[in-house]
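K.L.:
Here's a structure for you.
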Amino acid sequence: MEYNQQDFKSSMEIKWCPGCGDYAVYAAVQRALPVVAKELNYTKERFAFVSGIGCSSRFPYYVNCYGFHGIHGRASAISTGVKVANPHLSVWQITGDGDALAIGGNHFIHAIRRNIDINILLFNNQIYGLTKGQYSPTSKLGMITKTSPYGTVEHPFNPGELIIGARGTFFARSLDVEIKLSTEIMVEAAKHDGTSVMEMLVNCVIFNDKAHGYISDRENREDRTIVLHHGQPMIFGKNRDRGLVLDKDNMKLKVVELGKNGITENDILVHNAENQDTGIHMMLAGMKMPEMPVALGIIRKVNDKTYDDNVRDQLEEVKAKAKVHCVDDLLNSGATWEVE
Amino acid sequence: MDITKRIEIDDVVIRFSGDSGDGMQLTGTLFADTAALLGDGVSTFPDYPAEIRAPQGTVSGVSGFQVHIGSGIICTPGDYCDVLIAMNPAALRANAKWAKKGATIIVDADEFNEKTVQRAGFATLNPFEELGLQDNNIIMAPITSLTKESLKDSGLDNKAIVRSKNMFALGICYFIYDHPFEFTFKYFKNKFKKKPELIEPNKKVLVDGYNYAANTHAHANTYKVISKKKDKGTYRSISGNQATAWGLIAAAEKANLPLFCGSYPITPATNILEELAIHKNLNVKTLQVEDEIAGICTAIGAAFAGNFAVTTTSGPGLSLKSEALGLAVMTELPLVVVDVQRGGPSTGLPTKTEQSDLSQALYGRNGECPVVVIAASSPSDCFHYAFQSGKIAMEHMTPVILLTDGFIANGSEPWKIPSMKDYPAISPPIVPEGDADYKPYKRDALRLARRWALPETKGLEHRIGGLEKDFISGEASHDPVNHQKMVDIRAAKVALVQDFIPNQEIIGETGGDLLVVGWGGTFGHLFSAVDYLQKEGKKISLAHFNYINPLPKNTDEIFKNFKTIIVCELNLGQFADYLRTKFYNVRFEQYNKVQGLPFTVIELKEKFEQLLK
């Protein structure tokens, strides 16, 4: 179906703070939806946006399709219900680092484990914004916030490691400012059958400004991130002169410079997003600055049967074999007796 | 009054007890089903431990199953038993308190020795004397050794042979109560379809048990319950949880929508989920999700997407679902939450019955958060009230909490099978495509229900959620006056359900000396006690409630013409307190019991007789 960006904008006034990274993700979604609708031949009424609680979770109000603004942490469970109830829908879950990884951690990992066909946009700004500045499960160790005036004393989650650890079938990462990359990822996520998690590294201009400044900084972005493409060598840098190899002595990824020590493009690892084995994907998702570039793009995309398909197939299979076809049959099944 | 004599003629209560691995639940069920086939009134009550297999031979591992059969209306499993079958000393020790004075005690003599008697915690080597049973009719049947003898040529191994000793005990009971074998034989044939080598041995042991009793004159008399004519029709036996599951399926069928159940296993509600999972062929989707919260949240998502959504739980699970129930109230989506009540608080008494979740069901949420509360009152009427819960949820666009309890959920009784053509249609207010007028929170005048616009319907795209809604558009609104209006209208919508439920019935005269008020699963016991006293000419009536919120329209009327009103419930007085908030000028006496057990008819009669003096 042919749509333009305006078709997916609701009339609601957007209430994020000026300069919030969520605007950029919103822009990417507005660009992605018409493409998804066209490529998958979806009509607008097939899209449903479901969210939990947090700044990003206001998102469904701003998209002109079916929307459900849930309660804190439960977006994954609600979207699971929506998708199983009507597998025909394209379900998009909007969640944040608090919503998905703290209060909703349980539902989040189980949605991924089941591989239910929903697209999850995980807005990670490493802070609680809506409650005005407390640390989140992704806040860096030692970060000073309102509830950690002397610095946090707990290690953060790396969402990618969590998702791949739960054998997620699709994991991608983008930066708020990389609208084009975000759009591409969203289209691929929509096409992927199964749980697609897109970690969106977003800035919180008020409570955690420059949360991802080290990598989003325009000057150094290309040197500090690597955009992965399936089938392409893992090369990055402003001058495309650095790449990733596997250091076989330590079984770790290592940055090398092309042209130095006889290294050529042939020595560089080629990204295989479709590898069922989670090992290398885990390493890529876990790369941390400043030693390693932060991986962006689609890190993992593997095929597996989806939960909603399995539910539907089992239903059809059981129906085909059943001798009981209606409630009257059911009530009269098994041992019964007549009173004359 | 001499109950024992009366009961011996009209009805009999048998309690089967043994180790939780001894197959007592099955033995009791087979006895009950045969009685039901003969046309007797039947009520059963399993009494099992929380542990699946506690240490053998200890009191904590004893599992019991009580069966009450009779010619008249049998609506309780009986207070105390006429016959107690105890497969070992521990079972005897745990169950002796349930034996009537003079009851027949049948024990497996092979299991009574110094070691087992000590293991069961007896202080002496004469357990019968210790329990004060020495004057009872005690039948010391060598059940284990006779079962071994009976099957010595069967080719089965020792373990399998010993396992069928429960059938020997059942055979003894079949002799005493003159039960035919056919139904049980048919059961074996079905049950052991895949292990046909077990069919004949089980039949043989059952018959040998029967013959043993006949030959040894184990019992001075045999009894036969002469069945009274029942309503013509087809009958079956049904338990409360099964009936609940079927009632929900029936509501989905009448609404022509798929049934969606998101749930998490919890005693004693689990077998509703299990039962629903079997019937996928009837367009039932069951999701065993990661926790109670996911159970209700997947259901809410499914309701938004247009399925008839339910979630099933017990007390602690209802606590976990509270926040999400608020979301369902705010989004005004149809949802049925089944709470099979058990003993609380906290983990409490998971396998025992109680009615102590009433206040939680009525009030246990943040904000002004009314839901419809309905309670079923017998195993078979769980079907009707589950159906009604679905009808009200879908037609009034509201969450409904259906309260049952461990007693009626696990108990079973014969049920005249209804025909779905006699059940009303269910017409949820689904918005058709192309309705230009659609506003998410516009309501109909009759029910104040908003309409249900299902995702994938062209032109009805809308957003709803947990934030307060604008009165018409449903968009998020923080307007103070709008909030008041919305709080009022949500309350009014639930109150209006009153126009769609039947008036409260009174069993007996509409005025008199004593009105007994009950609700939910205590019906059988209250009815039996009231019925007995009515037959003695006492001016006593019963008002037993199924619709709790809202209450039936005529509720205040029925309280007017009685000298005394007593509210009986298995908690500290939650329904009585609720009634006091509604009818502040009525005086309500209370009778409460919180032991994890049902009332006994005897204790109720005593209490009522006191008040009638």
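A short reminder: the numbers here are calculations on the coordinates, not readings from a lab. Please read all numbers here as calculations on a predicted model, not as lab measurements. Using ideal geometry, Cβ is built from the backbone for each residue, glycine included, and neighbour counts are taken over all protein chains shown.
K.L.:
Which listed residue (B:Asn283, B:Asn211, A:Leu121) has the Cα farthest towards the positive end of the charge dipole for the protein assembly as shown, taking +1 on Lys and Arg C-beta and -1 on Asp and Glu C-beta about the Cα centre?
P.N.:
Sorting the options by dipole projection puts first A:Leu121.
K.L.:
I would also like to ask the following. Taking 1 over the mean of 1/r across every pair of different Cα atoms in segment B:27-76, what Kirkwood radius in Å do you get?
P.N.:
Over segment B:27-76, the inverse of the mean reciprocal pair distance is 12.1 Å.
K.L.:
Please work out whether segment B:71-200 counts as rounded, prolate or oblate from its C-alpha gyration tensor, where a ≥ b ≥ c are the square roots of the eigenvalues and a/c under 1.5 means rounded, while otherwise a/b larger than b/c means prolate and anything else oblate?
P.N.:
Here segment B:71-200 falls in the oblate category.
K.L.:
Now for a separate question. May I ask for the angle, rounded to the nearest 10°, between helix B:199-216 and the longest principal axis of chain B, with both axes built from Cα atoms and the value confined to 0 to 90°?
P.N.:
Taking Cα atoms only, the helix is inclined about 60 degrees.
K.L.:
Now for a separate question. With a ≥ b ≥ c taken as the square roots of the eigenvalues of the C-alpha gyration tensor of segment B:330-390, please select rounded if a/c is under 1.5 and otherwise prolate if a/b is larger than b/c or oblate if it is not?
P.N.:
Judged from the Cα gyration tensor, segment B:330-390 comes out oblate (a/c at least 1.5, b/c at or above a/b).
K.L.:
Which one, B:Gly18, B:Leu349, B:Ala449, is farthest towards the positive end of the dipole of the protein assembly as shown when Lys and Arg carry +1 and Asp and Glu -1 on their Cβ?
P.N.:
In the protein assembly as shown, that residue is B:Ala449.
K.L.:
Helix-derived [θ] at 222 nm for chain A: sum -39500 (n - 2.57) over DSSP H runs of at least 4, divide by residue count, nearest 500?
P.N.:
It lands at -8000 deg cm²/dmol.
K.L.:
Based only on other Cβ atoms within 10 Å, what is the fewest-to-most ordering of B:Ser378, A:Ser196, B:Ser477, A:Ser333?
P.N.:
A:Ser333, B:Ser477, B:Ser378, A:Ser196
K.L.:
What does the structure give for A:149-157 when I average, per residue, the other chain Cβ atoms found within 10 Å of the residue Cβ?
P.N.:
Whole-number average of other-chain Cβ neighbours for A:149-157 is 0.
K.L.:
Could you work out the percent of alpha carbon pairs in segment B:512-612 separated by over 17 Å, rounded to a whole number?
P.N.:
Roughly 47 percent, rounded to a whole number.
K.L.:
What are the residues whose amide H is under 5 Å from the amide H of B:Gly64, where those residues sit 5 or more places off or on another chain and H is modelled from the backbone?
P.N.:
Sorted by chain and number, the residues that satisfy this are B:Asp47, B:Tyr48.
K.L.:
Would you list B:Ile392, B:Ile266 from fewest to most Cβ contacts within 10 Å?
P.N.:
B:Ile266, B:Ile392
K.L.:
Treating the beta-carbon of each Lys and Arg as +1 and of each Asp and Glu as -1, no other charges, what is the dipole magnitude of the protein assembly as shown about its Cα centre, to the nearest 20 debye?
P.N.:
380
K.L.:
Of the listed peptides A:279-287, B:202-210, B:441-449, B:368-376, what is their order by residue-averaged count of other C-beta atoms within 10 Å, with the highest listed first?
P.N.:
B:368-376, B:202-210, A:279-287, B:441-449
K.L.:
Given q = 0.19 Å⁻¹, what are the Debye log10 I(q)/I(0) values for segment B:222-349, with equal point scatterers placed on the Cα positions and solvent ignored?
P.N.:
-0.99
K.L.:
Checking the a/c ratio against 1.5 first, then a/b against b/c, what shape does the Cα gyration tensor give for segment B:571-613?
P.N.:
Oblate, because a/c is 1.5 or more while a/b does not exceed b/c.
K.L.:
Starting from the amide H of B:Ile430, placed 1.01 Å from N in the peptide plane, find each other amide H under 5 Å away whose residue is 5 or more places distant or on another chain.
P.N.:
B:Trp452
K.L.:
Now, a different point. Output ³J(HN,Hα) for segment A:136-147: one whole-Hz value per residue in order, computed from phi by the Karplus curve 6.51 cos²θ - 1.76 cosθ + 1.60 with θ = phi - 60°, and x for Gly and Pro.
P.N.:
10, x, 10, 4, 5, 3, x, 5, 8, 9, 5, 9
K.L.:
Please report, to two decimal places, log10 I(q)/I(0) for chain B at q = 0.09, 0.11 Å⁻¹ as given by the Debye formula with identical point scatterers on the Cα atoms and no solvent.
P.N.:
-0.76, -1.07
K.L.:
Moving on. If you take every DSSP beta bridge whose two residues both sit in segment A:5-211, what share of them, in percent to the nearest 5, is antiparallel?
P.N.:
About 15 percent, rounded to the nearest 5.
K.L.:
Rank A:Gly104, A:Pro233, A:Gly142 by how far each Cα sits towards the positive end of the charge dipole of segment A:104-243 (+1 on Lys, Arg Cβ; -1 on Asp, Glu Cβ) and give me just the farthest.
P.N.:
It is A:Gly142, whose Cα lies furthest towards the positive end.
K.L.:
How do A:Trp92, B:Trp519, B:Trp246 rank when sorted from fewest to most other Cβ atoms within 10 Å of their own Cβ?
P.N.:
B:Trp246, B:Trp519, A:Trp92
K.L.:
Taking Cα atoms, how many degrees apart are the long axis of helix B:292-304 and the longest axis of chain B, rounded to 10 and kept between 0 and 90?
P.N.:
50
K.L.:
Ok, one more. Against the longest alpha carbon principal axis of chain B, how many degrees, from 0 to 90 and to the nearest 10, is the axis of helix B:480-496 turned?
P.N.:
40
K.L.:
As a quick test, which of the pairs A:Lys9/A:Lys140; B:Lys539/B:Lys607; B:Lys203/B:Lys230; A:Lys9/A:Lys305; B:Lys280/B:Lys352; A:Lys83/A:Lys288 have an alpha carbon distance above 23 angstrom in this structure?
P.N.:
A:Lys9/A:Lys140; B:Lys203/B:Lys230; A:Lys9/A:Lys305; B:Lys280/B:Lys352; A:Lys83/A:Lys288
K.L.:
Could you compute the FRET efficiency for B:Gln118 and B:Leu612, with r as their C-beta to C-beta distance and R0 at 60 Å, rounded to 0.05?
P.N.:
0.80
K.L.:
If you don't mind, there's one more thing I want to ask. Looking at segment B:3-216, what % of its DSSP beta bridges pair antiparallel, to the nearest 5?
P.N.:
Percent antiparallel among DSSP bridges in segment B:3-216 is about 55.
K.L.:
Assigning unit charges at the beta carbon (Lys, Arg +1; Asp, Glu -1) and nothing else, what dipole magnitude in debye, to the nearest 20, does segment A:178-268 show about its Cα centre?
P.N.:
120
K.L.:
Over 37 Å, how big is the tail of the calculated P(r) for the protein assembly as shown, in percent of all Cα pairs?
P.N.:
55
K.L.:
Could I ask something else about it? Tell me, what ³J(HN,Hα) does each residue in segment A:8-13 have, in order and in whole Hz, if you take phi through Karplus 6.51 cos²θ - 1.76 cosθ + 1.60 with θ = phi - 60° and put x for Gly and Pro?
P.N.:
Karplus-based 3J(HN,Hα) across segment A:8-13 equals 9, 9, 8, 7, 5, 6 Hz.
K.L.:
Sticking with this structure for a sec: Is there a simple number for the mean count of other chain Cβ atoms within 10 Å of the Cβ of residues in B:414-420, and what is it?
P.N.:
Counting other chains' Cβ atoms within 10 Å and averaging over B:414-420 gives 3.
K.L.:
May I pose another question? Shielding of B:282-293 by partners, i.e. mean partner chain Cβ atoms within 10 Å per residue?
P.N.:
Shielding by partners across B:282-293 averages 5.
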